[in-house]
1. Would you order Phe97, Phe69, Phe165 from fewest to most other beta-carbon atoms within 10 Å of each residue's own beta-carbon?
2. So what is the calculated 222 nm ellipticity per residue for the chain, using -39500 (n - 2.57) for each DSSP H run with n of 4 or more, over all residues, to the nearest 500 deg cm²/dmol?
3. For the chain, the longest stretch holding no GluC sites (Glu not before Pro) located in a DSSP loop with at most 10 other Cβ atoms within 10 Å is which?
4. Take every DSSP beta bridge with both residues inside the range 9-172 and express the antiparallel ones as a percent of the total, to the nearest 5.
5. For Lys102, go through the aspartates and glutamates and keep the ones whose alpha-carbon is under 15 Å away, minus same-chain ones fewer than eight residues off.
6. What does the C-alpha gyration tensor say about the overall shape of the range 1-94? Classify as rounded when a/c is under 1.5, otherwise prolate if a/b is larger than b/c, or oblate.
7. Looking at the chain as a GNM with Cα springs under 10 Å, which of Ala164, Ala140, Ala94 has the largest mean-square fluctuation?
8. In whole Å, what are the extents of the range 9-172 along the principal axes defined by its C-alpha atoms, from largest to smallest?
Amino acid sequence: MTYDITGKAVAFLATDGFEDSELLAPWQAVLDAGGAPTLVTPEAKTIEGENGHVQEADLAVTEADASGFDALVLPGGVGNADLLRLDEHAVAFAKRFFEAGKPVGVICHGAWILTEADLVRGRTMTSFPSLRTDLRNAGAEWVDEEVVVDQGLVSSRNPDDLPAFNDKLIEEIAEGVHAGQHA
């Protein structure tokens, strides 16, 4: 099934060291479905991925208002995820999407910011296998599946899972707010 998300604003939260394909493929999926992606970074500067993709930021996280977006995407990449979980503004930005019940897509190491924000407790999700213990210790039920959806939270393991991740992400954005997704 094809979903139309025309008019939906989707924030992508990332910084240097993101996994290129985990930003680019969901970004293109959002565009292809009619959505409007926006790159939010800690410092509103151009960022560079692990494999050399360079992308200009649209907003600094301190200037971004989660209420102006319909969904959030958290690409992976070890460096990216580690830096974001240390940024209190980035953590707070991600948390506001959960408080509002908005769809959130997270792939690979991107889940680290969710553990920092205490947003995975009681959820079933997946990630890159090395985060399994971190997620379980934070209260999640970790499963090894290509894509998992839990009350608007879409999670996947790695770039190989991007086709399934993108499909479920667009579906969740089309469905909108999930009443049960409060942090």
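1. In increasing order of surrounding Cβ atoms, one gets Phe69, Phe97, Phe165.
2. Mean residue ellipticity at 222 nm (helix-derived): -9000 deg cm²/dmol.
3. 64-183
4. Taking every DSSP beta bridge within the range 9-172, about 25 percent pair in antiparallel fashion.
5. List returned: Asp65, Asp70, Asp150, Glu171, Glu172, Glu175.
6. The shape class here is oblate.
7. Ala164
8. Result, largest extent first: 35, 31, 30 Å.
Read-outs throughout are calculated quantities, based only on the coordinates presented, and are distinct from any laboratory measurement. All figures in this text were calculated on a predicted structure; none of them were measured in a lab. Glycine gets a Cβ as well: all are built from the backbone with ideal geometry, and neighbour counts include every protein chain shown.
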